[in-house]
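Undergrad: Please see the structure below; I have some questions.
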Amino acid sequence: MNIRSTAVFALLLVSVVATATGLQHLSWHSIAAVRWDALKPYAVVLAGGMLFTEIGSRWLGIHRIAAGAVVATVIALVAGAAGALLVVVWIGLASYVVGSTALTLWSKRSEVPSTLISVLVGAVVYGALIGLAAHRPVNYPGVYAIALALPVVFGWRQVRTLLLSVLAFARRKSTSSLDLLIVGVALLHFVVGLMPETGHDALASHLFIPAHLASRHAWSFDVSLYVWAVMPMMGDWLFSLGYMLAGETGARLLNVGFVLTTCCLVRELVFWAGGSRAGAKWGALLLLTTPLTLLESSSLYIESVWAAFAVAGALSLFRALQRDGQRPADIRAAAILLGGALAAKAITLAILPGLFIVFLMRFRVWATKASVGLFARALGLFVFVGCVPYLTAWVLTKNPLFPYFNEIFHSKLWPLVNFQDSRWSRGFKWDTLYQVTFHSDAFLESWPGASGFQWMLLLLPAVVLVAGKGRSRALAILLAGAVSAVVTFQSIAYLRYIFPAVVLMVALIATAFSQEDNTSLIEKRVLWVAGSVVILLNLVFLKSATHYGDIVAQPLLSSAGREAFLRERLPIRSAVDVVNKLNLDDAPVAMFSSPLGAGLHSNALHPSWYNLNFERAVSDADTAGAMARAVVLAGGDYLILDAGWGAPTQRRLIEDASDLVIAFAPIAVRRVKDQYRFAQELLRNPGFAAGDGWSLPADIADVRAGSISVNVTTVATQQVPVIAGRRYKNSVKSACGRQPTQGRLQVNWMDAAGHFIGTSIQVFECTADAKTYSMEVRAPRNAATAVVYASGQTDVPVTFSEVSFKQ
């Protein structure tokens, strides 16, 4: 036994002892994720999925992975999600055509980029286009469908070739038990993806944005409403693609698709680094069974998209720096994918140092005049793709990283302090691997074991194997992943933010343990046992990272079951549905609850750091009237109140200021009381007691104190400043003494430059008796001035004794 083997066995022994000690010190009774009632649905799906996959594989004579795809399709049909699954496949095909075209369009020689890289490059292109389209009200299902259909139609030859290759793969035989286990765990992720969304971050932003685009057809980028409105959103734009065409399930299955894509990237990394086919399968299985991975597939977090782009960009750069690579296509792919990662998450900057070190170490490959030109152009492409959200933030807020680092950029839209999440510590220490494994709750909202157990048992032996053999490609993966994790933890020690590093390090482990000349037979068996123990522990702790990964049959089998599930599990979603039906003009809705407003057709008013102005107004309210004014002046009418929100005194003020509409305990839908709505008069001289305030034509028929007579051509007007989106009430008191006729309520809307935007008109039947007529209006987008009319509808005069315009 050589020194390397001795070191590997010694590290394995130490790792086993440390893992056993950590497991022994866990408070098992307090870890809800490892109880049988939590794991039983997973065990059923895993066993059932593997059983039906094996039956399908043998009966149809196809590969086990292909049989798993058939099982997933049957599950989608039963769950009523076949359309959503088809949309995700459609997105993949369209992205493949767009990506492969983008990578080969300007190439001087024939290059065939990998299918996976082409799909991800195409996804970056679609995400970037949606991000630009989000600035204008053009986001409709038909537009998105055309954008996906055109590449498939014009690139049908590429699509046909791809489908034939998939069919050829399906016809292969599979004898590996690893394939069956991979399919079983993948089906777990798929079924979780079919469940209704209950995740906090998703309902607050990552699903809220796609739903907002679908209902309002544009995103406002308004940081006064949502402080995160100009943060990088590449992941959210892609979720919008699935949501627009297949609703919530489409977005969630697209997210699962990106998670499975990262497993395929592990496979490609292992092959690139010289690992075996079995090692690649072990790597995919390790990633799929990592609890952190289930966290990403159980809810709409954007790390799945971000990690796919970052890891694929790293792989493309690695390929570009090898002498036998397809240099132009690989360089271009690296630039686009890393730019897409930067457009998805700013912490991509923590990944770049490791890649830059690898780049410098391979200077002999690119230190030529031709190569320098290629890489220089790629750098420009990276900046062009990645910097759009930061440029948008700079233009709108004067802070490209708003609201972060505002001590540096001094945006007036946020206090001059650096925004940061104080829940998590910083730094990478000697025992960090142990801490993230057995004290995961210090690094994530989770239970112990959330990071997976491969870091304790397999990582250090893998590093020794790679370093001892001097595998330059595996060392490149190690360097990129390790530097990314350490740099990220120096900023914030949060597990979700090192997900790309997790993918890279899993690939490293799989590579180190699968190179044929690395180990003897006994070493291979020992490593196989260690890997099996890790897989088993990961499966036992599979739910430890997520609070949203439940599998329940009720919401999967019917829409009624879905509604009942949400009403019981997350009643705020039922409240949002009710508000959408009642709030016909899409007025902003005050959310005195957790900010779980996804699906709301209007803007949400959050009394929190999301919306500092509204938070201040609510905090300052000390009477029911003041609380009502805080909501009304923000443009709100309806509100959602959680019985556990805020202080009891605040809740009482909110209840006194509003009427109950419907309750889904502990959530209630309420509406501001009429006595507090439209209480402030904006017009001067609404009762015509004097001649000031109104613009009167010289030939007006009858002007006397307390009334005015007008008709369709002779009108009186008055201009008042308004706030776009705010609600107003226009009312008149009129009579027709001579003969019955029609009068008119009219408000014209003007922008800040005095240009006409639109008009709000309501005609009423005027009689001899004085009556009051009114209409509620909302100032349209960009409105700065309202022109209020006293006008008739015909030539017959109408006498107005009062014209009012209140907010």
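The values are calculated or read from the model by the stated rules, or taken from the named source; none is laboratory data. This one's a predicted model, so the numbers in the text were calculated from it and none came from an experiment. For neighbour counting, all protein chains shown are included, and Cβ atoms are generated from backbone atoms with ideal geometry for every residue, glycine included.
Undergrad: I'd like the residue in segment 75-91 that is in contact (Cβ under 8 Å) with a residue 12 or more places away in the chain and over 13 Å from Ala246 (Cβ atoms) and, out of all such residues, is surrounded by the most Cβ atoms within 10 Å (Cβ to Cβ).
TA: Once the filter is applied, the top-ranked residue is Ile75.
Undergrad: Kindly provide the set of residues from segment 288-323 that are out of contact with any Pro (no Cβ under 9 Å at 6 or more places or on another chain), assigned to a helix (DSSP H, G or I) and either under 20 Å from Arg473 (Cα atoms) or among the charged types (D, E, K, R) (or both), ordered by number.
TA: Once the filter is applied, which keeps residues that are out of contact with any Pro (no Cβ under 9 Å at 6 or more places or on another chain), assigned to a helix (DSSP H, G or I) and either under 20 Å from Arg473 (Cα atoms) or among the charged types (D, E, K, R) (or both), segment 288-323 yields Glu296, Ala312, Gly313, Leu315, Leu317, Phe318, Arg319.
Undergrad: Here is a further query. Is one or more of the residues making up segment 620-640 under 30 Å from Ala79 (Cβ atoms) and under 26 Å from the mean Cα position of the chain (by Cα)?
TA: Yes, because at least one residue in segment 620-640 is under 30 Å from Ala79 (Cβ atoms) and under 26 Å from the mean Cα position of the chain (by Cα).
Undergrad: When residues of segment 328-366 are filtered for being within 27 Å of Asn399 (Cα to Cα) and aromatic (Phe, Trp, Tyr), how many remain?
TA: Qualifying residue count, segment 328-366: 1.
Undergrad: Out of segment 729-782, which residues are among the small types (Gly, Ala, Ser) and not in a loop (DSSP other than H, G, I, E, B)?
TA: Ser731, Ser734, Ala735, Gly743, Gly758, Ser760, Ser774
Undergrad: Identify, by number, the condition in (1) surrounded by 17 or more Cβ atoms within 10 Å (Cβ to Cβ); (2) modelled with pLDDT under 95; (3) under 24 Å from Leu315 (Cβ atoms) that Pro403 doesn't meet.
TA: So Pro403 meets the others, but not (3).
Undergrad: Of everything in segment 346-395, what is outside any helix (DSSP H, G or I) and over 26 Å from the mean Cα position of the chain (by Cα)? Give them in sequence order.
TA: Arg362, Ala367, Thr368
Undergrad: Check Leu260, Leu294, Leu253 and return the single one that is surrounded by fewer than 23 Cβ atoms within 10 Å (Cβ to Cβ) and closer than 15 Å to Phe190 by Cβ.
TA: Matching residue, one of Leu260, Leu294, Leu253: Leu260.
Undergrad: Something else about it: Might you let me know whether segment 94-108 holds any residue that is without any contact (Cβ under 8 Å) to a residue 24 or more places away in the chain, assigned by TED's automatic domain parsing to the domain that holds Gly184 and among the charged types (D, E, K, R)?
TA: So far as segment 94-108 goes, no, none of its residues is without any contact (Cβ under 8 Å) to a residue 24 or more places away in the chain, assigned by TED's automatic domain parsing to the domain that holds Gly184 and among the charged types (D, E, K, R).
Undergrad: Quick check on my filter: what residues within segment 256-276 are in a loop (DSSP other than H, G, I, E, B) and closer than 20 Å to Val183 by Cα?
TA: Ser276, the sole residue that qualifies.
Undergrad: Testing Thr392 on (1) buried (at least 18 other Cβ atoms within 10 Å of the Cβ); (2) free of Cβ contacts under 8 Å to residues at least 60 places away in the same chain; (3) of a type in the set (Ser, Thr, Tyr); (4) under 30 Å from Ile331 (Cα atoms), one condition comes back false. Which one is that?
TA: Evaluating Thr392 over (1) buried (at least 18 other Cβ atoms within 10 Å of the Cβ); (2) free of Cβ contacts under 8 Å to residues at least 60 places away in the same chain; (3) of a type in the set (Ser, Thr, Tyr); (4) under 30 Å from Ile331 (Cα atoms) leaves (2) as the failure.
Undergrad: Of the residues that make up segment 586-609, is at least one over 25 Å from the mean Cα position of the chain (by Cα) and aliphatic (A, V, I, L, M)?
TA: No, that holds for no residue.
Undergrad: Here is a list: Leu245, Leu241. Which entry is in a helix (DSSP H, G or I) and buried (at least 24 other Cβ atoms within 10 Å of the Cβ)?
TA: Only one candidate passes the filter, namely Leu241.
Undergrad: Return only the number of the condition from (1) in contact (Cβ under 8 Å) with a residue 40 or more places away in the chain; (2) more than 30 Å from Gln420 (Cβ to Cβ); (3) surrounded by fewer than 22 Cβ atoms within 10 Å (Cβ to Cβ); (4) not hydrophobic (A, V, I, L, M, F, W, C) that Arg364 does not satisfy.
TA: (1)
Undergrad: Follow-up. Evaluate the following for Asp769: is it modelled with pLDDT under 90 and of a type in the set (Asp, Glu)?
TA: Criteria met by Asp769.
Undergrad: Looking at segment 206-216, is at least one residue farther than 25 Å from Leu401 by Cα, surrounded by fewer than 24 Cβ atoms within 10 Å (Cβ to Cβ) and of a type outside the set (Gly, Ala, Ser)?
TA: yes
Undergrad: Testing Ala634 on (1) in contact with a Pro (Cβ under 9 Å, 6 or more places away or on another chain); (2) over 22 Å from Arg778 (Cβ atoms), one condition comes back false. Which one is that?
TA: Condition not satisfied by Ala634: (2).
Undergrad: Further question on the same structure: Identify, please: which residue in segment 658-694 is among the small types (Gly, Ala, Ser) and crowded, with 19+ Cβ neighbours inside 10 Å and is, among those, farthest from the chain's Cα centre (by Cα)?
TA: Per the stated criteria, the residue is Ser658.
Undergrad: What residue, among those in segment 745-781 that are over 25 Å from Pro137 (Cβ atoms) and acidic (Asp, Glu), is surrounded by the most Cβ atoms within 10 Å (Cβ to Cβ)?
TA: Only one residue tops the list, namely Glu765.
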